1. Nearest-5 percent of antiparallel DSSP beta bridges in chain A?
2. Would you mind giving the three semi-axes, in whole Å and largest first, of the ellipsoid equivalent to the stretch B:361-496 according to its Cα gyration tensor?
3. So how much slack lies between residue B:949 and residue B:847, counting 0.36 nm per residue of separation and subtracting their Cα-Cα distance, in nm?
4. Using modelled amide H (1.01 Å from N, peptide plane; none on Pro or chain starts), what sits under 5 Å from the amide H of residue B:468, excluding residues fewer than 5 places away?
5. In whole Hz, what ³J(HN,Hα) sequence does the stretch B:289-296 give by Karplus (6.51, -1.76, 1.60; θ = phi - 60°), x for Gly and Pro?
6. So how much slack lies between residue B:267 and residue B:595, counting 0.36 nm per residue of separation and subtracting their Cα-Cα distance, in nm?
7. Which entries in B:126/B:171; B:448/B:890; B:391/B:890 show an alpha-carbon gap greater than 20 Å?
8. Taking the DSSP beta bridges in the protein assembly as shown as the whole, what percent of them are antiparallel, to the nearest 5?
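Throughout, read-outs are computed from the coordinates displayed, never taken from laboratory work. Quantities reported herein were computed from a predicted structural model and do not represent experimental measurements. A quick note on method: Cβ atoms are made from the backbone with ideal geometry, for glycine too, and the neighbour counts reach across all protein chains shown.
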Amino acid sequence: MKEPEFPRILGICCRWCSYAGADLAGAMRLQYPPEIRIMMVPCTGRVDILHILKAFELGFDTIFLSGCHEGDCHYLAGNIKAKKRVNKLKKDLVALGLEPERLEMFHVSSGEGPKFAGVCTEMHERALKLGPNPVKREARAAWLATQPRADIAV
Amino acid sequence: MKSQQQGTNPVGAVMVVGAGIAGVQAALDLADAGFYVYVVEAKPAIGGVMAQLDKTFPTNDCSMCILSPKLVECGRHLNIEILAPARVQGIIGEPGNFTVTVNQAARYIDMAKCIACGLCAEKCPKKVPDAFNQGLISRKAAYVLYPQAVPLKYAIDPVNCLYFKKGGKCKACEKFCPTGAVDFSQTDQPRDIQVGAVVLAPGFKPYDPTKYAAYHYASLPNVVTSMEFERILSASGPYQGHLVRPSDHKEPQKIAWLQCVGSRDLNHCDNSHCSAVCCMYAIKEAVIAKEHSKDGLEAAIFFMDMRTMGKDFEKYYWRARDEQGVRFIRTRIHSVDPVPGTDDLSIRYLDEDGTLRAETFDMLVLSVGLEVAPEVLETGRILGIDFNANKFAETSSFAPVAATRPGIFVCGAFQGPKDIPQSVMEASASASAAGDLLAAARFSLAKKKPEFAERDISQETPRIGVFVCHCGINIAGVIDVEAVRDYAGTLPFVEYVENNLFTCSQDTQEIIKERIKEHNLNRIVVASCTPKTHEPLFQETIKEAGLNKYLFELVNIRDQGSWVHMHEPERATRRAKDQVRMGVAKVGLQQPLREFTLPITKAGLVIGGGAAGMEAALGLADQGFKVHLVEKKDFLGGHALKLNHTWRGEQVKPYVDGLVQRVTKHPQIEVHLNSEVTDVQGFVGNFHSTLSTRGREVEVEHGAAIIATGAHSYKPNEYLYKENPRVLLALEMDQAIREKNPLVTTAKCAAFIQCVGSREPERPYCSRVCCTHSVESAIRLKELNPDMDVYVLYRDLRTYGPRENLYKEAREKGVIFIRFHADDRPQVAQTADGGLQVTVKDLILGLPITIRPDVLTLASAIIVKEQEKLAKMFKVPLNNEGFFLEAHMKLRPVDFATEGVFVAGLAHYPKPLDEAIAQAKAAAARAAVVLSQESIKAGGVVASIDPALCSGCQACVGVCPFGAIDYKETEKVCEVNQALCKGCGTCAANCPSECITLLGFSHKQIYTQIDQALAELKMAAEAAG
């Protein structure tokens, strides 16, 4: 493939707040890196830990969930449940040999276009800093070769 | 009920005259509530001025994008008949039963045959200035009003057509029309139409600035009107959205906006009114122009008072000034001079320090005011309604949408200059007023929605059609839409692909339906904009073609594609392909979802017993619905009880007393005083709420709720309030005047300080009513004692719209207005004798002035408190300032995203009584749309448990926020009550055995999407071995 396979960022957005926030970023013409792929769910509470693990297994370099602000969830508290799952999984990622910073939960309302663009930019930067997801062995090796020895994390 | 008092059997149809956003909204609300609607539009297509705008303030939404779904809905509504081009010629009859004569003008195109291919326009030899594009380019005599027009049918303009001018020659269009749609034999058709009520929404026309001779609008091409500038900015405009000036198509480096052209001016025109929208649209145009410009456009706005008094307007102004670098100069420009040898323009002005400055600009935009067109005034005269001094339709503050002739209602800019949300509100309000008159005839003429037979696709493999939208250049300008289309064609199960200029246009809906039939498609993907606005439209389309509406996926390649990757076409195209692949994979796994119907409790709950709450309650009750009106205090009336007069001078007390009487006597209204809502359960159509009345709890059932809880006045810590008895708040001043308090009656000098607590960093909004209120009180004081010295100390005087006349009257009566700076406020001190001394720097003289008022009025902010509780119960949001946040700032001003819940009055934003009443009526109209239905649909995206896999662990029961899952002891499995399930999917994520499927978002669909998002990557890995 001619396109570079790194970085790849998955954003899972709830329909009510963050997906609309992402739309607002568009309406405001705020630019963010095109390596993001957005998947809409009714609520971040829909997101299972296994969905996230699957995405890492397939090669996403960073993944974020974005839901409503706490207290604003259209379904009362789905976002809080999602946050708990994400926080738990972040701890488990270490055991899997992945940096916990590769995963994050954000809260972006439908009125926060700039914040959404900021989230995308941040997760893109994190991916660049952490390098390719180790499941992509070749890409990882190639990236490691370009890094100064002291910075190698793995 | 009023409708019964009418005596006769009313006609269950309504005529809406004018089809801009106000007319369209009124038509939709009426048609959805069970009336047949005739829409009479003078132009060959609906849409009005909003269709011509580029963006809308304060959200910068693309105007066409948010309007288009409404136009399409109006165009395809079973109970709306559009007559265009057509005009009203006469009316006879009485409220409830009018006969209106309408002249339907010949189009010279057979609408049934026209396929909108555009060949007639292409071949037509006659060029005409294109009025839709403000004459900046030309169109042909055979034309379509604009590309997304509804109905999307061509028309021949007989004034310019050569056939008519040259006596039967030419006929090029007829020769080339592939369907034989051109028909020169057509003639104008007069029609007598029976309706029960008429809603007038014919809108405004922008002021023609040629009369401002010193601005040389007619002779200098780079002096343009704000409407022309909207078209210049528009992607579908004369320059395809490239910001260039008309004379030489050079990109301007410096543009100035000149405010109040044709407004607040009796020298060049008769428009004493403020046009209410120009300050905001100028800021918007300046901000958008700066975004368009490649190398840092300089934008300057020359204004008199900055009137950003709407919701979120002040913040928009501050952002433009402080972050986006728009310059604001307070002055009125006397004249414009061409710069010799160039196309540039020079203006001279006195700046705030009194220094004379000259500045050169590439382009000048005249912010032209709003007025009613002469032909519309004529229509008004035919219909027998009165106009006010500013030539807008006359209404009273207490019945803001009732014209002077009973049975005729008005809304939008025809009633007075106003913005889109206000117009939409009034449109819904006039629908409510008409519905109130005709309630007995509901569904007597309206047809019921046909049920479309659904094709059984259970035995079919997926056959997916993919439609990729250009969105004009919104998408195609960045993303290679042809490549995306071709790529989609290579994906599994995709049988058909196509590009559309505007996939949302009405003709494309027909195309989609045809393609489904031709290619036997059973699933559809549209790659265009956001599902938030456009999914319902496409779902409706595929339903009509016999597909279950859930067999659809919208892929967002604009808002989350071309717009956010404007400078990276290749990577944006790559993303678009990936997202299309995800969408195709997801829809391929989608099964038809069933919906079922639930009964509706035909009752409303109104929270708040102020003017807005009472009006909303009456609005519903008069339409025949039971209403529970809940008020915290032990009396009805709210803040309106404290007001003396409206800005029009009408006495408020008799109105409120009458309202309280009507509410308390109404057989359909149950008033709950001393009561609060303590719990809300259920959903649209079926709410169960708990009311607590002095500790005693009652349960009420209702299908819809209207929140009208009002607001409070800010109690200042500044300006010696509560320290010196001579310092009053605005409402206390009303009381003092009312009670002839000697503090006022004996005063020799009075002062008002504006913006106390408003437009501050901690409260970044304008309280909207205070300028008008203070000016009105100042006039009262002058009437009380013409020798009294009355001062109003202000930052910007915001007597918007026709209220400007009051400001003029105050100045004529000798009220002295002194402007101050936010960072140099008036100083208020107490003198030794207990009097007051106010020191303020006069910005014109540049010197401090000392006033010794006997009474000082503080125009304090309107604030809200403790709205969180109610917000949480109804699951509706608040904005940063604590006001309720509506579903959409422009087009859904009284709705919440949560269905069946509506908002009105001060709880939404500060507003004067007439606007609160209009909003209350609008909320009643929107709630009536819900309550007038027989049933609501449930089901669709809900959870379902596979009993064969369920282990009965009950993990799902605990996490469901809606109590929708029960454990069945006998079968030892869990089961979802789909009527209560809202489809969040939390249970599905929590189930350890993945036996819960959230229909539409199944595990398999989610895994597959994630998988497909990286499919190319995987293929690369496989290829590499």
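1. About 5 percent, rounded to the nearest 5.
2. 47, 30, 11
3. Taking 0.36 nm per residue and subtracting the Cα distance, the gain is 28.3 nm.
4. Placed amide hydrogens put B:498, B:499, B:500, B:527 under 5 Å from residue B:468.
5. 4, 5, 5, 5, 6, 6, 10, x
6. 111.8 nm
7. With Cα atoms farther than 20 Å apart: B:448/B:890; B:391/B:890.
8. Of all bridge pairs located within the protein assembly as shown, approximately 45 percent are antiparallel.
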